[in-house]
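None of the figures in this text is laboratory data; all of them are computed from the coordinates on show. As the structure is a computational prediction, the values presented were derived from the model and not from experiment. Virtual Cβ from ideal backbone geometry, glycine too; neighbours counted across all protein chains shown.
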Amino acid sequence: MAENLVSVADMRRIAKRRLPRMVFDYLDGGALDEFTMRDNETDFEHVRLRQRVLLDVSQSHLEVDVLGQRTAVPIMIAPMGALTLFHPDADLILARAAARAGTIFVHSAWSGTPLEEVVKVAPNSTWAQIAPWKNKEVTRGHVDRAAAAGIDVLVVAADVSTASKRERDLHHQFDYRARPRFRDMLDSATNPAWLTRFVMGRKMTYGNYQIDGRPMRLNEMEQFINENKNPGSMWKDVEELRNQWPGKIVIKGVMTADDTFQAVRCGVDAVIVSNMGGRHFDAQPSTIAVLPEVVAAADGHLEVFIDSGIRRGADVAKCLALGARACFIGRPPVYGLVARGPVGVDQIFEFLREELAMTLGNVGLTDVNDLDGSVIFRG
């Protein structure tokens, strides 16, 4: 009998069981000691909401406008690289799920699936992430492809200029060279469903980048990154992009008021308060902790989104109450995909949508756009 899965945590538990340990650790792990990763979730526990009673909450309106587009829920799917590792068609499955949920999927600059394929299955629900590579022609080529595909929103990965150290992956010797330990290869062999998809499905490549007219292979990506990682990227590059790109621009990785002021000055349309799920820099606070600072600095000049640590519909409500326009989720839809396939991704949206509606009613409101600081308990 199939288990009755009712939460993101349930999906995570099943996903852990169905993936080789090294693959699950790549999905679930963070940088160094994983303090920031854990704080992303636990800091939501310290934000409490005020219950209201005897108010008419028979209706729930969860729609929001994000950059001029109406979404059915204030929950979008964050850009995630190497999704092919979890399922050969993961990008396409997640994009379709976002479209069904009436929301947005952000295609990663490090995706194994070309942007054009994703846009084809979710034409009105896809944003494109770009990376500020040292070779500006590579970045320019990606921007041109996005324009040709009909993309209106670019998400700039501003938080990847420096290297990260993920010790779970290092312990598994799990990197671009793809030389895992023998016991990890043995463990993979004991997960036949995953192994069959991995061997028989779409090959692990970086579909956005090509060598000699073919997608770049995994073992070629390390050299590409070493040659093109750009610790010298600056706000002037954003200004240059603003002058070239007629659509919307979102800066991902903004965690301070100072960077928010810079984003406003550059004329971008939105920022994402993001610490990459704790996967990159382990000495910084959680996103929910800095959200009020960023919202105050934005002062209505641009939209503020947030990711990292969102596991409940109540977490979404807390973010909106603290000033975010909408939220991004990353690991949860992948948990759902691994646990139950495409249906599992739909269920993740259902869980969060239902919990958000319940939370809205409990604080005495019927419209998520009415969530504000008055619902936050400040004891």
**Q.** Reach of residue 248 by Cα under 12 Å, taken over aspartates and glutamates that are not fewer than 8 positions away in the same chain
**A.** 152, 269, 303
**Q.** Positive dipole terminus of the chain, leading residue within 20, 73, 278 (C-beta point charges)
**A.** 20
Q | Gain on full stretching of the segment that runs from residue 227 to residue 49 - 0.36 nm per residue minus C-alpha separation | A | 59.3 nm
(Q) Can you tell me which lysines have their Cα less than 19 Å from the Cα of residue 229? Leave out same-chain residues fewer than eight positions away. (A) 134, 136, 165, 252
Q. Relative to the present Cα-Cα distance, how much length would full extension add between residue 147 and residue 58 at 0.36 nm per residue of separation?
A. 27.7 nm
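When you count, for each residue, the other Cβ atoms within 10 Å and take the mean per peptide, how do 324-332, 66-74 rank with the highest first?
Working: 324-332: 24.2, 66-74: 17.7.
For the peptides 324-332, 66-74, the packing ranking is 324-332, 66-74.
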Q: Quick one: what are the phi-derived ³J(HN,Hα) couplings along the range 291-307, Karplus 6.51/-1.76/1.60 with θ = phi - 60°, whole Hz, x for glycine and proline?
A: 3, x, 4, 5, 4, 5, 5, 5, 6, x, 7, 8, 7, 10, 10, 8, 9
Q. What share of the DSSP beta bridges in the chain is antiparallel, in percent to the nearest 5?
A. 25 percent
